[in-house]
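Step one of this worksheet: look at the structure below.
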Amino acid sequence: MKSLTNTMNEIFKNESWVDLNVFFGQYETFEEFPLISRYKKVETIATSTGLAGVAKFLASTSFFVLNWAKLLAHDKNIDLNARFIAISFTDFDFSNFDEPPIPNFFIHSAETRAVFLNRLKSHEPKTDSVELLSIKNLFTTCSIDSAFTFYESRFYDKTCNEEIVRVFAVPHEYSN
């Protein structure tokens, strides 16, 4: 097993979020930055860490990075209430170990946290979907579920001719 430093450098080299300022940029609508941008990095994670559950590694690492960005915002006196930041998922197939769901960092700088969150809450289904439950289960397995509130967004994209499902893991301090 490689050292943690070497593994992290190899996996996250050239990822856009490594410059944490992307969390505080101004975007026309929203941006989503994947934790890892290539599935070929999954094999590196599996061999370097010895972990069978790469999805758990990815979820735990996204939690760490999001907290790191929040700490930086605090140190720079950046008001995170002026934007919506969450971990998001658009893929929910946990059966393919070579291409597990990759967490994204969802940043909506055009709307305040409260406005975007209220819109999510207003479209909340009465029961949890399979997709939402799969992400909740992942976070529970990683022992990070208690730090988040989970929301789901669904819409039909006529261009793609498919339903788009996005699950948000919103840090508790931003979900009230």
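The values are calculated or read from the model by the stated rules, or taken from the named source; none is laboratory data. Please read all numbers here as calculations on a predicted model, not as lab measurements. We place every Cβ from the backbone using ideal geometry, glycine too, and count neighbours over all the protein chains shown.
Structure values in brief
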item: Qualifying position, being of a type outside the set (F, W, Y), part of a helix (DSSP H, G or I) and more than 23 Å from F12 (Cβ to Cβ), among S146, S153; result: S146
item: Tabulated pairs, region 49-67, first farther than 18 Å from D93 by Cβ, second part of a loop (DSSP other than H, G, I, E, B) and hydroxyl-bearing (S, T, Y), C-beta under 9 angstrom, 6+ apart or interchain; result: S60/S143
item: Considering residues of region 94-127 that are free of Cβ contacts under 8 Å to residues at least 12 places away in the same chain and assigned to a loop (DSSP other than H, G, I, E, B) only, the residue surrounded by the fewest Cβ atoms within 10 Å (Cβ to Cβ); result: K126
item: Of residues in region 128-168 being loosely packed, with under 13 Cβ neighbours inside 10 Å and aromatic (F, W, Y), the one farthest from F105 (Cα to Cα); result: Y156
item: Number of the exception - D128 against (1) closer than 30 Å to V54 by Cα; (2) of a type in the set (D, E); (3) over 19 Å from the mean Cα position of the chain (by Cα); result: (3)
item: Top-ranked residue of region 7-20 - restricted to ones that are of a type outside the set (K, R) and exposed (fewer than 11 other Cβ atoms within 10 Å of the Cβ), ranked as nearest to F106 (Cα to Cα); result: D19
item: Members of region 61-108 that are at pLDDT below 90, more than 22 Å from D19 (Cβ to Cβ) and in contact with a Lys or Arg (Cβ under 8 Å, 6 or more places away or on another chain); result: N81
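For every residue, the table says whether it meets (1) farther than 24 Å from T141 by Cα; (2) at pLDDT 85 or above; (3) part of a helix (DSSP H, G or I).
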{"site": "K2", "(1), (2), (3)": "yes, no, no"}
{"site": "T7", "(1), (2), (3)": "no, no, yes"}
{"site": "I11", "(1), (2), (3)": "no, yes, yes"}
{"site": "W17", "(1), (2), (3)": "yes, yes, yes"}
{"site": "S37", "(1), (2), (3)": "no, yes, no"}
{"site": "S48", "(1), (2), (3)": "no, no, yes"}
{"site": "L51", "(1), (2), (3)": "no, no, no"}
{"site": "A59", "(1), (2), (3)": "no, yes, yes"}
